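**Student:** If you scroll down you'll find the structure; I have some questions about it.
The values are calculated or read from the model by the stated rules, or taken from the named source; none is laboratory data. Treat the numbers as computed from the prediction; the structure is a model and nothing was measured. Heads up, the Cβs are rebuilt from the backbone with ideal geometry, glycines too, and the neighbour counts pull from every protein chain shown. Heavy atoms of the whole protein, side chains included, go into the accessibility calculation; ligands, DNA and RNA do not. Shrake-Rupley method; radii C 1.70, N 1.55, O 1.52, S 1.80 Å.
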Amino acid sequence: MDDYMRTIKLPTETREKVKEYFYLQYSNGKLHKESEILDFLSPILRREIKEHNTEDIRRKVPLLRVGDHSDFAMDVSCVIESTMVFENETIFREKTTGDEMYFIHSGVVEIVVSTPSNERATYLAIGDGCYFGDVSLLLGIQRTASVESKTQCMLYRLKKKNLLSLLKDYPSVESKMIELAKRRRKRLAHHLDPQYVWLEPDEEVDAEDSRTDL
């Protein structure tokens, strides 16, 4: 890795970030090719390992710890992927196509929007147990906001194709997530133009985020 970074003449600051990323992402510096290891195992063992590795995030995210959704949570655990994000990084940008959503295992991210006066403003900060990026995936629209890391974060990434495939088997979860996504979109629209977009009393609080230990 060091030889590669020297060859392409990476700046020192970037080199240090790459080293830290590998240290944090891969078990304190031990680089395991997990996909290759799991390929040798039976489907049942692969699932057991993935469920074990994601046990903590399932406890933190209200949607994934509800008893009625336990089967959905277990299926999600088999397709999510962990990723590290450093402080002050842009995870995705407003008005782009959404291909992934994220669950926050640890850290804080900020939802950043463009105001009517074309200024950038922080709309909301969310942390452990919250999820974001769902609005674009579930409603079939572009990203309604940018998301930036306020601290170093450990996230779990869920691809759109995997989410939509899973939801076919869980219509009640799909209905709940779509309703939540619609309300999140409406709250953001209200924030940007409160005189034009009105909220009902039960729409003022995020039903999912309010159940996390923020």
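**Student:** Suppose we filter I44, I37 for residues that are of a type in the set (V, I, T), farther than 27 Å from S172 by Cβ and either open to solvent by 30 Å² or more (accessible area, probe 1.4 Å) or within 21 Å of the chain's Cα centre (by Cα) (or both); which single one remains? Walk me through it before giving the result.
**Tutor:** Working: I44 fails: farther than 27 Å from S172 by Cβ.
One residue alone meets the criteria, I37.
**Student:** In this structure, is A145 surrounded by fewer than 18 Cβ atoms within 10 Å (Cβ to Cβ), under 18 Å from E89 (Cβ atoms) and modelled with pLDDT of 95 or more?
**Tutor:** Working: surrounded by fewer than 18 Cβ atoms within 10 Å (Cβ to Cβ): no; under 18 Å from E89 (Cβ atoms): yes; modelled with pLDDT of 95 or more: yes.
Here the answer is no, as A145 does not meet what is asked.
**Student:** Same structure again: Does segment 131-142 contain at least one residue that is in a helix (DSSP H, G or I), touching a helix residue (DSSP H, G or I) at 6+ places or on another chain (Cβ under 6 Å), in contact (Cβ under 8 Å) with a residue 60 or more places away in the chain and of a type outside the set (S, T, N, Q)?
**Tutor:** Going residue by residue through segment 131-142, those that are in a helix (DSSP H, G or I) are 134-139.
Narrowing the set further to residues that are touching a helix residue (DSSP H, G or I) at 6+ places or on another chain (Cβ under 6 Å) leaves 134-135, 137-139.
Add one more test, that the residue is in contact (Cβ under 8 Å) with a residue 60 or more places away in the chain, and what stays is none.
The answer is no; no qualifying residue exists.
**Student:** Among the residues of segment 61-91, count how many are under 20 Å from V147 (Cα atoms) and not aliphatic (A, V, I, L, M).
**Tutor:** Going residue by residue through segment 61-91, those that are under 20 Å from V147 (Cα atoms) are 61, 80-91.
Cutting the leftovers down to not aliphatic (A, V, I, L, M) gives us 81-83, 86-90.
So the count comes out to 8.
**Student:** Here's another thing I want to ask about it. Can you find a residue that is of a type in the set (A, V, I, L, M, F, W, C) and over 21 Å from T97 (Cα atoms) anywhere in segment 145-163?
**Tutor:** The first filter runs over segment 145-163 and keeps only residues of a type in the set (A, V, I, L, M, F, W, C), leaving 145, 147, 153-155, 158, 163.
Going one step further and asking which of them are over 21 Å from T97 (Cα atoms), we end up with 153-154.
There is at least one residue in segment 145-163 that is of a type in the set (A, V, I, L, M, F, W, C) and over 21 Å from T97 (Cα atoms).
**Student:** Restricting to segment 142-169, name every residue that is within 23 Å of L192 (Cβ to Cβ) and out of contact with any Leu (no Cβ under 8 Å at 6 or more places or on another chain). Don't jump to the end; show me each part of the working.
**Tutor:** So the first thing to find is which residues in segment 142-169 are within 23 Å of L192 (Cβ to Cβ), and the list is 142-150.
Q142, R143, S146, V147, E148, S149, K150, listed by residue number.
**Student:** Kindly indicate whether any position in segment 21-33 is farther than 15 Å from T83 by Cβ, at pLDDT 70 or above and surrounded by 10 or more Cβ atoms within 10 Å (Cβ to Cβ).
**Tutor:** Scanning segment 21-33, I find no residue that is farther than 15 Å from T83 by Cβ, at pLDDT 70 or above and surrounded by 10 or more Cβ atoms within 10 Å (Cβ to Cβ), so the answer is no.
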